[in-house]
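Novice: Submitted below is the structure of interest, expressed as structure tokens.
The values are calculated or read from the model by the stated rules, or taken from the named source; none is laboratory data. Everything numeric here is computed off the predicted structure, so don't read it as measured data. Glycine also receives a Cβ, built like all others from the backbone with ideal geometry; neighbour counts cover every protein chain displayed.
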Amino acid sequence: MTPSLPGCPTWPEKFVQRYRAAGYWRGYTFGQMLRERAAEHPERVAVVDGDRHISYRDLDVRADRLAAGLRGLGIGAGDRVVVQLPNIAEFFDVCFALFRLGAVPVFALPSHRLTEISYFCEFSEAAAYITVDVEAGFDHRKLAADVVAKVPGLQVLVAGEPGEFRALSDVDAEPAELPGPWPGDIAFLQLSGGSTGVPKLIPRTHDDYIYSFRASNEICGVTADTVYLGALPIAHNFPMSSPGTFGVLHAGGRVVLARRPSPDEVFPLIERERVTLVAAVPPLALVWLDAAADTEHDLSSLEVLQVGGAKCSEEVARRVRPVLGATLQQVFGMAEGLVNYTRLDDPDDVIRTTQGRPISPDDEVLVVDDADNPVAPGETGHLLTRGPYTIRGYYRAEEHNARAFTPDGYYRTGDVVRLTPAGNVVVEGRAKDQINRGGEKIAAEEVENHLLAHPAVHDAAVVSMPDDYLGERTCAFVVPRGTLPKARELIKFVRERGLAAYKVPDRVEFVEQFPQTGVGKVSKRDLREAISRELVPELKRRG
Ligand code: AMP
Ligand code: DBH
């Protein structure tokens, strides 16, 4: 048996038995999944990246050879490897090679910088960091050099021009017989948007994750004829698994990669590749809808537009069919597990006004009050969930897990929802200390800690402020110490600490003191209300 990853809470045996007996966990791994698909239709195209068309056989062979090459570098079962790749074909080579080795990818996003990457490497005690040469004008090799300076001994592999590091394309060896992981082993660590000082890592098993996208395929109508466009960052859970690229590869369909999500890149790809399914966050859907109104490109192949990651406004929902001729599917999911979809044949008003219902008959969903008591049917409350693809705890986070999960294993999503009589979820708000900036989640505490490192900051509280385009942006309230700093200076300070750009506050407001709750905590609700009362009208006046 290969070693299972220590520090990952798992399901009690009773649930393991139940999920196996129900046929959710079928006892095969990612490595086997690709092997089967390649055997069934070796010639079919699996991945399209620019002019590169990679068949299932090619992907299968590349995964084997890369796995053997990585083993030659000393990377083996259970080793963590931080993977930060953009939407390029190498992403899949790397994933399936690591899966076959039983090594554990830690999925970073292309926008992450020194603070995040070095944290992932240190915290997961990674053996290697796999990145790209240049993405969106940013030289990741420079970042890698800074990471190595903080994490000595880390191996770096680079897709593209490697600079001082090893080229990913040079990692190649004759395929070797590998023992491979067990279906119940951790396949990878996914990121949580989180609500705490440091991002949390989410351990997902082969069994549970494969179930989530295999079942998603049925709900979303994914078959071998599906052409899926990966336009969001493909390491994110939504485009990876809902049903995402992995779902489509499971079905033997075709994954087309867009390096950038803008209409000038995406629309020609939809036309050329006859894309049938694509996923977007709400602001992106809005940009596509605006651009599609007078595009010359033929988008008629598009059957389904999925919108999720943040709440889709009714306005956007209403425009999807008239403008794109496609069915809207709302997707409300989380990297921790639970994913809800509106069904393709749901009545229009359900598709427009709800975030759908869970994948699995065994997804247990509770809506509770502050004391964990179920609310009356249809009332609003906190969403708790457990089920066959929802984790029972974060990676190495015992203390946090005690708060983020109930004693009987429900995950506290931090979302405030209600259920319609038909059982559809409507997201009404959020109780977690997080900002959802157009689908990009920001943990307030993480940004506050960076602000607090500035000598002129006595205290900081980061909250959301409403935004027409992104839904929310971040506003940092700061109590200054000594001479009043400039807002610009604080923003620059945070950026220069090496944080992903989306976490840098959009606005800084100085206050003498924070409003307090009854027990003397900072009242973020009052801060948000102050924004609505004072800031929003002021910004509107200024246009
Ligand atoms: P994460 O836990 O970082 O994967 O982020 C998942 C969170 O994103 C959920 O708990 C929600 O707060 C939010 N989210 C995802 N999809 C939607 C949606 N369709 N509507 C509203 N919020 C969403
Ligand atoms: O926001 C998310 O994390 C998300 C949204 C839709 C997700 O993880 C998913 C679907 O699987």
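Novice: Does the range 414-430 contain at least one residue that is of a type in the set (Lys, Arg), surrounded by fewer than 21 Cβ atoms within 10 Å (Cβ to Cβ), within 16 Å of ligand 1 (Cβ to nearest atom) and over 22 Å from residue 529 (Cα atoms)?
Specialist: yes
Novice: I would also like to ask the following. How do the pairs read when you match residues in the range 17-43 that are among the polar types (S, T, N, Q) with residues anywhere that are modelled with pLDDT of 95 or more and outside any helix (DSSP H, G or I), using Cβ under 6 Å and keeping only pairs 6 or more apart or on different chains?
Specialist: Cβ pairs passing all conditions: 29/181; 29/183.
Novice: Output the residue which, of all residues in the range 431-481 that are part of a loop (DSSP other than H, G, I, E, B), within 14 Å of ligand 1 (Cβ to nearest atom) and among the small types (Gly, Ala, Ser), is farthest from the chain's Cα centre (by Cα).
Specialist: This residue is 431.
Novice: Among what's in the range 220-245 and is under 15 Å from residue 204 (Cα atoms) and either in a loop (DSSP other than H, G, I, E, B) or of a type in the set (Lys, Arg) (or both), pick the residue that is farthest from ligand 2 (Cβ to nearest atom).
Specialist: The extreme case among them is 235.
The rows are residues; the columns are (1) in contact (Cβ under 8 Å) with a residue 24 or more places away in the chain; (2) under 18 Å from residue 327 (Cα atoms); (3) surrounded by fewer than 16 Cβ atoms within 10 Å (Cβ to Cβ).
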position	(1), (2), (3)
274	yes, yes, yes
284	yes, yes, no
290	no, yes, yes
297	yes, no, no
303	yes, yes, no
306	yes, yes, no
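Novice: Being farther than 30 Å from residue 505 by Cα, away from ligand 2 (no atom under 16 Å from the Cβ) and out of contact with any helix residue (DSSP H, G or I) (no Cβ under 6 Å at 6 or more places or on another chain) narrows it down to one of 455, 347, 358, so name that one.
Specialist: One residue alone meets the criteria, 347.
Novice: Somewhere in the range 247-270, is a residue surrounded by 21 or more Cβ atoms within 10 Å (Cβ to Cβ), touching a helix residue (DSSP H, G or I) at 6+ places or on another chain (Cβ under 6 Å), under 29 Å from residue 124 (Cβ atoms) and free of Cβ contacts under 8 Å to residues at least 40 places away in the same chain?
Specialist: Yes, some residue in the range 247-270 is surrounded by 21 or more Cβ atoms within 10 Å (Cβ to Cβ), touching a helix residue (DSSP H, G or I) at 6+ places or on another chain (Cβ under 6 Å), under 29 Å from residue 124 (Cβ atoms) and free of Cβ contacts under 8 Å to residues at least 40 places away in the same chain.
Novice: If a residue has to be more than 13 Å from ligand 2 (Cβ to nearest atom) and under 26 Å from residue 417 (Cα atoms) to count, how many in the range 286-320 make the cut?
Specialist: 11
Novice: On to the next question. Hey, can you tell me all the residues within the range 167-182 that are in contact with a helix residue (DSSP H, G or I) (Cβ under 7 Å, 6 or more places away or on another chain) and exposed (fewer than 15 other Cβ atoms within 10 Å of the Cβ)?
Specialist: Hits for the range 167-182 are 172, 174, 176.
Quick grid of which residues meet (1) within 16 Å of ligand 1 (Cβ to nearest atom); (2) under 26 Å from residue 189 (Cβ atoms); (3) among the aliphatic types (A, V, I, L, M):
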position	(1), (2), (3)
230	no, yes, no
238	yes, yes, no
249	no, yes, yes
257	no, yes, yes
267	no, no, no
272	no, no, no
275	no, no, yes
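Novice: To continue, here is another question. Quick one: residue 180 ticks every box in (1) more than 16 Å from ligand 1 (Cβ to nearest atom); (2) more than 21 Å from residue 102 (Cα to Cα) bar one, so which box is it?
Specialist: Only one criterion is unmet by residue 180, namely (2).
Novice: Within the range 159-169, does at least one residue satisfy the condition of being closer than 30 Å to residue 343 by Cβ and either hydroxyl-bearing (Ser, Thr, Tyr) or assigned to a helix (DSSP H, G or I) (or both)?
Specialist: Scanning the range 159-169 turns up no residue that is closer than 30 Å to residue 343 by Cβ and either hydroxyl-bearing (Ser, Thr, Tyr) or assigned to a helix (DSSP H, G or I) (or both).
Novice: Okay, moving on. Among (1) in contact with a strand residue (DSSP E or B) (Cβ under 9 Å, 6 or more places away or on another chain); (2) in a helix (DSSP H, G or I), which single condition is residue 46 missing?
Specialist: (2)
Novice: Any residue at all in the range 187-206 that's assigned to a helix (DSSP H, G or I) and closer than 19 Å to residue 32 by Cβ?
Specialist: Scanning the range 187-206, I find at least one residue that is assigned to a helix (DSSP H, G or I) and closer than 19 Å to residue 32 by Cβ, so the answer is yes.
Novice: Inside the range 298-324, can you point out the residues that are within 13 Å of ligand 1 (Cβ to nearest atom) and farther than 12 Å from residue 285 by Cβ?
Specialist: Within the range 298-324, 314 is the sole residue that qualifies.
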